[in-house]
Each structure stands twice: as C-alpha cells, then as structure tokens.
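Enquirer: Here it is, the structure in full.
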Amino acid sequence: MEHRTFYTKTRRADAHFIGNTGYHVKQLVVSVHSLKTGKNLTVYRLPLDLSNEVSKINSYSALVAFAKANQITDSASNAHSGSDSASVTSCPVPASTPAKSSEQGQGILFVEFETAGRGKDNEIIEISVVDSAENVLFHSRVSPTKPLKDVPTGYPALSELWARFGAVIGRSDIAFYNADVSKRALLRSVGKAFDTPTPEHFYTLFPYNKVICVGERYKEFNNYRLGYFRNYGLQHINSACGQSGLFWRDVSNSASGNAIKSARLYKYLDHKAVA
C-alpha cells in the first residue's frame, strides 16, 4: 500500500505504515491532522491485513470512517490508561464488493427494518433486503440485546447477522423509504449489539454506499403534482403506493413487505421522471 493522503478545508488524513528501528512493518495507521494548527488530532491503528482495502479508498470521509470502524486500539484510551495498546470492540464495515456489483447484478438494494421498544430501548427486531426485481436477498428476525415486551427471542443477535448482512449489501446503493429513521435505528442497534458507543455517522458503517430516501423522492413528486408549496411530511408507505396506483396489499406490513413496496414506488417514480 502506498502512502495515501486526503484533505478537507481544515484537516488532512494520512494512511501509512509505521516501522520499528529495523524498518520492519509494525503497524498500519491513519492519522488526522489540523491544517490550521498543524497538530495531530487522532491516530487510528488498523490490522495490517486491511492495507489492500485502505489502498482502494479515494476520499477523506471514507478513509476516516473506515479507520473508525476497524481500529484495534484507541490512542485516547491509551493516554488515559498509560498502556501501550488497548483493544476496542468495534463493529466491522460490510464486506467489500465491486461498486454496484455487476457480478451480482444488484444495482439498488431496498432495505427495511422493524423495530420495537421505546426511546433508548428501541432496537431492530427484523431486517430485510430486497432487489429491484423484488427478490428477497436477506431476511431475518433479530433478537434484541435485552428482553422487550411482546418481542420473541431465540433469533440471532444483530452482531451474529452483521457479516452476512454486510456481504449482501456490499457496495450497492441503499434505498430506504424513510432514510433518516432507518439510519438512526441501525446506528442505535449496532451500538447496542457490539457494546460500543452509537456510531456517529451512517457512513462509519457504510463508507462506500450511496443512500437514497424513497419517501423524500415521493414527497417531492407528489407535492409538485398536486401544486403544494408547503413542506409536507412523508406519507405512510401504504398511502404513497395507493396514491400512485400501485398494488401493495399482496405483501405484508413486515420488513420484507415494506422493502418490496419501496422498490415498487422507486420504479414508479423513475418511470414518471422519464415520462
């Protein structure tokens, strides 16, 4: 892996190897510096076998997100503990696959969750991933990290499903009906599942994926069609499908059913945009 450097207006991120006095590779690190003060802000230490993945990254945000998700030590923790290194439990990013994997023919994937619990106890209890042809590529019930009322247990935990879920997503574009709600639910659930602080940004988990909000696309189209000038909220997905003349009662109000409805609505909006 060659030395890689990316910039924002105020920061610089470097990915490089640190060697010992014998010039043998010791660690792969990503360091973040302030361009205003010249100070070193953060250092992330990564497993050496990730060097090929780092060499494929082509932006500051993707590099920092990848480093946060895959760090094996936390320099801030070391400073407080006084130890040379300290392991950090971190959630892995999804498995790497070619962008919009032509081999898998996925294109856009439609992802939906079912959640249970209130407030801080809210967690994902069902996940579904559907392609544009309405094929269910991934579906599973999820056991919450602690018992919730009327939620059955005995299913895999999110931490057990994460690798499979990530492998299905790969680097494809991700479409949610209500992206803001779904992203918050996933970040919160991942923090609980891996017993880590809630990840700050969605791109920490999915640094290579574009996110699409189908509900926002429908809101813009519907407000324009009806001549609305106010900022109306998102319609329920069933209402949006019904108003668009789409048949939706053949699928349930589950994660898989809602992912299929989202795929149908997205294709409808694409057709209207071209027509």
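Since every read-out is calculated from the coordinates, none of them should be taken as a lab result. Everything numeric in this text was worked out from a predicted model, so none of it was measured. Cβ atoms come from the backbone with ideal geometry, glycine included; neighbour counts cover every protein chain shown.
Enquirer: Taking loop as defined by DSSP and a crowding limit of 14 other beta carbons within 10 Å, which chymotrypsin sites (Phe, Trp or Tyr not before Pro) in region 166-269 fit?
Expert: Working: sites: Phe176, Tyr177, Phe194, Phe202, Tyr203, Tyr208, Tyr218, Phe221, Tyr224, Tyr228, Phe229, Tyr232, Phe247, Trp248, Tyr266, Tyr268; in loops: Tyr177, Phe194, Tyr208, Tyr228, Phe229, Tyr232, Phe247, Trp248.
Sparse-neighbourhood loop chymotrypsin sites (Phe, Trp or Tyr not before Pro): Tyr228, Phe229, Tyr232, Phe247.
Enquirer: Report the normalised scattering of region 23-62 as log10 I(q)/I(0) at q = 0.21 Å⁻¹, calculated by the Debye formula with identical scatterers on the alpha carbons.
Expert: Result of the Debye calculation: -0.80.
Enquirer: Provide the FRET efficiency to the nearest 0.05 for the Asp173-His3 pair, computing r from the beta carbons and using R0 = 30 Å.
Expert: On the way: r = 31 Å, r/R0 = 1.02.
Step by step, r from the Cβ atoms, then E = 0.45.
Enquirer: Answer rounded, prolate or oblate for region 104-146, using the Cα gyration tensor with square roots of eigenvalues a ≥ b ≥ c: rounded when a/c is under 1.5, else prolate when a/b is larger than b/c, else oblate.
Expert: Values: a/c = 3.90, a/b = 2.76, b/c = 1.41.
The shape class here is prolate.
Enquirer: May I ask you to compute the full-extension gain from Arg11 to Ser55, defined as 0.36 nm times their residue separation minus their alpha-carbon distance, rounded to one decimal in nm?
Expert: Values: separation 44, 0.36 × 44 = 15.84 nm, distance 1.96 nm.
Gain in length upon complete extension: 13.9 nm.
Enquirer: Starting from the Cα of Lys210, move 7 Å in the Cα-to-Cβ direction to define the label point; list residues of region 109-141 whose amide nitrogen is under 20 Å from there.
Expert: 109-112, 130-134
Enquirer: Take the alpha carbon atoms of region 147-275, find their radius of gyration, then divide it by 2.2 N^0.38 Å using N residues; give the quotient.
Expert: Working: Rg = 16.8 Å, N = 129, 2.2 N^0.38 = 13.9 Å.
In units of the globular-protein estimate, region 147-275 measures up at 1.21.
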